[in-house]
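Beneath this line is the structure, given in structure tokens, with notes to follow.
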Amino acid sequence: MKLIYSRPKSLKKAVFHYCPGCGHSVAHRLICEVIDEMGLQEKTLGIPPPGCSVFAYNYFDVDMAESAHGRGAAVATGVKRAYPEIVVFTYQGDGDLAGIGTAETIHAANRGENITTIFINNAVYGMTGGQMAPTTLCGMKTTTTPYGRDHLLEGHPIKMSEILALLEGVAYIERVAVNSPSNIRKTKKAIAKAFQMQLDKRGFSMVEILSPCPTNWKMSSVQAWKWVDEEMAKVFPLGVFKDVTEKKDAD
Amino acid sequence: MLIKTLIAGFGGQGVLSMGLNLAEAAMLEGKNVTYLPAYGAEVRGGTANCTVAISDDEIASPVASSPEFVVAMNQPSAVKFQHHIQSGGLFFLNSSLVEVEILRGDIEIVRVAANKIAEELGSPKAANMVMLGALTRKSGLVELASMIETLKRIMGAKKKLVDVNEKALKTGYDLF
Amino acid sequence: MDGNSAIGEAAIRAGCRCYFGYPITPQNELTEYMAMHLSRKKGCAFVQAESELAAINMVYGASLVGARAMTSSSSPGISLKQEGISYLAACELPAVIVNMQRGGPGLGSISAAQSDYFQATRGGGHGDYRTIVLGPSSVQELADLTMRAFELADKYKIPVIILGDGVLGQMMEPVEFKKEAPAELPIRENSLRGATGRPSKIVKTFTSNPSELEEINWSLFRRYTLIKKQETTCETFMVDDARLVVIAFGIAARIAKGAIKTARAEGLKIGLLRPITLWPFPEEQVKEVAKTTGQFLVFEMNMGQMIEDVQLALAGQGEVAFYGRPGGVIPAPSEVARVITRLYYQKGLK
């Protein structure tokens, strides 16, 4: 019998605690597949955040070190500067990266830190119970926007990929989604490219992943996957925002 | 014996390097010494000052609330610090720039036309060294030789610069 | 050499190759010294971070991979660093944090003060933890204690705080540096440099299991007890025949010593006890002195913080008076001499 599909080596044999339909487990698996395929399991350090994915260290079979909320990019900076041989990635949610850690993210990107960030955007604070996130869509109801997000009061959803793509230190930014087989394939390619940028010392790389949160969106899994396409991707268009692959003078 | 000296003036007059020179010369003579520059917002806006404490014993505080010697290189410093000097202390005034009348009768006033003398020497920037020479002579804090040796150590290989400053230092020293 | 630069030189000689900081007066000379000596050098890292928060988290990152790392700031900036210090303590990661204190609260003044004693010795951030706190009182001691701080941090896997002040940082004094650490320090065990030839490791602080967290806290406090036993240090000066003992730390202790010498010259029997480790506080040494002296004066450049540790140590023995000057005022030795002389006579010690 020919083995055509198996658990990636760098994914631990543990049952995910994530809700059914959640995008975290898919994203985890894709990162592990990339780590395996690029042969990085023994030289990678992952930085998970507080939030639902705080337990990421239970799933990734690489060195993992938790960071304080929002500080992933600063921690990764310290790691990479002190020990450049390591491959470091941060795994951050929208509250983490686009709220409390905006400054750390923007400045690490601007310095062109040679780190990779996986940014999970599900437009909501998951672990704390569905409060408004910086990326919550206008009109969207959350426990702290019970009447829907009103841009006059709460502002518009913040578009981190677009903002970061403006910075000189950034090597690669792509926004993808994990709501369909074809999008999942694109996501994996994007993650691989982001890691390659780091290996090539090109600067800051980030993959923003639109990720369904059926529980806090109060939808079924199927509805949530559709909603990513129908609503979220309108505000957060998928695509490559920056790519310096062809540029020779990127250093 | 603990002696504290406060040196004040405009930024750019070489006030801090005067203090540093004095402190290092005292260190060379094996004395205990502290040097404390005024810092931060206090020195923004063009004024600078520093305090040098010299002692045979450990120095308790590098801050001088009533220094024995005060050097005022400009008018604002003369106004500000004249009341700080310890009774019986010496007040060195750069009479080229200070016109204010000193009202205290319990201190000795030493007037040195530092800028004028430096200009006559052909090196107007060395006014601070003229004053430092006068301070060395009148205060007796350190030997002139230690001052010159320190000067050479700080300025290093720039022989021309050392010569100019050494000349100014000696001229100030010989005024008294 | 000025105190701030002396810390920098001592840190480098102690094997510190990573510094992350953010400008604030009165400690900028240290950040600048590290920029001069650590940037653009192979195997070294210097980053001027975007904030104190970022700086302390960069230290956290560097410590994760086994580097001797350091950050420095002054009071308001140290408040911002507390989050990171709590995480360092929780993850048992060594780091050295310098606080060149200034007057507070708020933005306060840039003049030297000792108002962060509580913050430093009580942990400072959230959670049940301690950091080792060292209180230098001269430029020489800034250098010596900086080198000791790196050793203690590694030995006990704990953040160490050097609690200096603006005057110590700015003043110049002669300084001699102790022996350098070897150029290549051994890689610290548990460094996360990738799972090569070993199972992957996790550094974490979060657990959903309270009894697991309780065990983590127990283990931290077992180590703290060991530190108390092994590392507590203080200096005593003329306490043997003293009828009144002044207790002060850092720059205040130095001023007090000058005042005591003046008083001794007048025939007053006064001594000094100066804690060098502020945490752990030298309780036993205070108790020891209390066997022969009943009168104490605590002198601090704040409104009374270390005095609580003195009172706890004395547990009702002896009488404790207090003289405090807050807000960045640096009293002259003569002022302190007047205070102790007055107290001496008031208590009928003459």
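Among the trypsin sites (Lys or Arg not before Pro) within segment C:1-47, which fall in a DSSP loop and have no more than 13 other Cβ atoms within 10 Å of their own Cβ? Before the final figure, lay out each step's value.
Details: sites: C:R13, C:R17, C:R40, C:K41, C:K42; in loops: C:R17, C:R40, C:K41, C:K42.
Answer in residue order: C:R40, C:K41, C:K42.
At a Förster radius of 45 Å, what calculated FRET efficiency corresponds to the Cβ-Cβ distance of A:E162 and C:S208, to the nearest 0.05? Each step should come with its number before you reach the end.
Working: r = 36 Å, r/R0 = 0.80.
So the FRET efficiency works out to roughly 0.80.
Give a quick list of GluC sites (Glu not before Pro) in segment B:82-160 that DSSP marks as loop, anything other than H, G, I, E or B, with at most 14 other Cβ atoms within 10 Å. Working shown, then result.
Working: sites: B:E99, B:E101, B:E108, B:E119, B:E120, B:E143, B:E149; in loops: B:E99, B:E101, B:E143.
Listed in order of number, the matching sites are B:E99, B:E101, B:E143.
Pairs of alpha-carbon atoms within less than 8 angstrom and 6+ residues apart define the contacts here; what relative contact order does segment B:2-173 have, in percent? Intermediate results must be reported in sequence, preceding the final value.
Working: 347 pairs, mean separation 36.2, N = 172.
It rounds to 21 percent for segment B:2-173.
Order by neighbour count: B:D163, A:D63, fewest other Cβ atoms within 10 Å first, most last. Spell out each step's value before the answer.
Details: B:D163 12, A:D63 29.
Neighbour counts put them in this order, fewest first: B:D163, A:D63.
Just from its helices, what would the mean residue ellipticity at 222 nm be for chain C, if runs of 4 or more DSSP H residues each count -39500 (n - 2.57) and the sum is divided by every residue, rounded to the nearest 500 deg cm²/dmol? The partial results should precede the final answer.
Numbers: 12 runs with 148 residues, N = 350.
Value at 222 nm, helices only: -13000 deg cm²/dmol.
Which residues make up the longest stretch of chain A that has no GluC sites (Glu not before Pro) in a DSSP loop with at most 13 other Cβ atoms within 10 Å? Write down the numbers at each step before the final one.
Working: sites that count: A:E85, A:E168, A:E246.
Between the exposed loop sites, the longest stretch runs A:1-84.
What percent antiparallel are the DSSP beta bridges of segment C:234-346, to the nearest 5?
Working: 4 of 18 bridges.
Among the beta bridges of segment C:234-346, antiparallel pairing accounts for roughly 20 percent.
Within a 10 angstrom radius of the beta carbon, how do C:R325, C:R338, A:R7 rank from fewest other beta carbons to most? List each step's numbers first, then the result.
Values: C:R325 19, C:R338 16, A:R7 12.
In order of increasing Cβ crowding within 10 Å: A:R7, C:R338, C:R325.
What percentages make up the Cα-Cα pair-distance distribution of the protein assembly as shown when the bins are 20 Å wide from 0?
For the protein assembly as shown, the binned pair fractions read 15, 39, 29, 15, 2, 0 percent.
What's the longest uninterrupted piece of chain C once you rule out the GluC sites (Glu not before Pro) that are loop residues per DSSP with at most 12 other Cβ within 10 Å? Don't skip to the answer; put the middle values down first.
Details: sites that count: C:E176, C:E180, C:E184, C:E189, C:E266.
Looking at chain C, C:1-175 is the longest stretch - no exposed GluC sites (Glu not before Pro) with at most 12 other Cβ atoms within 10 Å.
Among DSSP beta bridges lying fully in the protein assembly as shown, give the percent that are antiparallel, nearest 5. Working shown, then result.
On the way: 32 of 105 bridges.
Antiparallel bridges: around 30 percent, rounded to the nearest 5.
Remind me, relative contact order of chain C in percent, using alpha carbon pairs under 8 angstrom and six or more residues apart?
Numbers: 735 pairs, mean separation 61.5, N = 350.
After rounding, I find 18 percent.
How large is the charge dipole for segment C:62-164, taken about the Cα centre, if only the Cβ atoms of Lys, Arg (+1) and Asp, Glu (-1) carry charge, to the nearest 20 debye?
40
Taking Cα pairs under 8 Å and at least six residues apart, what relative contact order does segment C:234-346 come out at, in percent?
Numbers: 194 pairs, mean separation 35.1, N = 113.
So the answer I get is 31 percent.
How large is the helix-only mean residue ellipticity at 222 nm for chain A, computed as the sum of -39500 (n - 2.57) over DSSP H runs with n ≥ 4, divided by its residue count, in deg cm²/dmol to the nearest 500? Display every interim value, and only then the final one.
On the way: 8 runs with 75 residues, N = 251.
Computed ellipticity for chain A at 222 nm equals -8500 deg cm²/dmol.
Within 10 Å, at most 10 other Cβ atoms, and a DSSP state outside H, G, I, E, B define an exposed site. Report the longest part of chain A free of exposed trypsin sites (Lys or Arg not before Pro).
Details: sites that count: A:K2, A:K13, A:K247.
The reported range is A:14-246.
Rounded to the nearest 0.05, what FRET efficiency is calculated for C:Q346 and B:V100 with R0 set to 56 Å and r the Cβ-Cβ distance? Walk me through the numbers on the way to the answer.
Details: r = 44 Å, r/R0 = 0.78.
Efficiency for this residue pair is about 0.80.
As a test, work out the antiparallel percent of DSSP beta bridges whose residues both lie in chain C, rounded to the nearest 5. If you can, show how the numbers build up before the last one.
Details: 8 of 42 bridges.
That works out to approximately 20 percent antiparallel.
Round to the nearest 10 and give me the degree value, 0 to 90, for the angle of helix C:3-13's Cα axis relative to the longest principal axis of chain C.
The angle comes out at about 40 degrees.
When a footprinting reagent is the concern and you count Cβ atoms within 10 Å, what order do A:C19, A:C52 take, fewest first? Can you show the working numbers first?
Working: A:C19 17, A:C52 22.
Fewest-to-most ranking of A:C19, A:C52: A:C19, A:C52.
Put a dot 7 Å past each Cα toward the Cβ at C:N190 and A:H151; how far apart are the dots in nm?
Placing both labels 7 Å beyond Cα along the Cβ direction yields 5.0 nm.
Check each of the trypsin sites (Lys or Arg not before Pro) in segment C:252-322 and keep only those in coil by DSSP with at most 15 other C-beta atoms within 10 angstrom; list them in order.
Passing both the DSSP loop test and the Cβ count: C:K291.
The numbers here are math on the coordinates, done by the rules we state, and not lab data. Keep in mind the model is a prediction, meaning the values are calculated, not measured. Note that we place each Cβ from the backbone using ideal geometry, even for glycine, and neighbour counts take in every protein chain shown.
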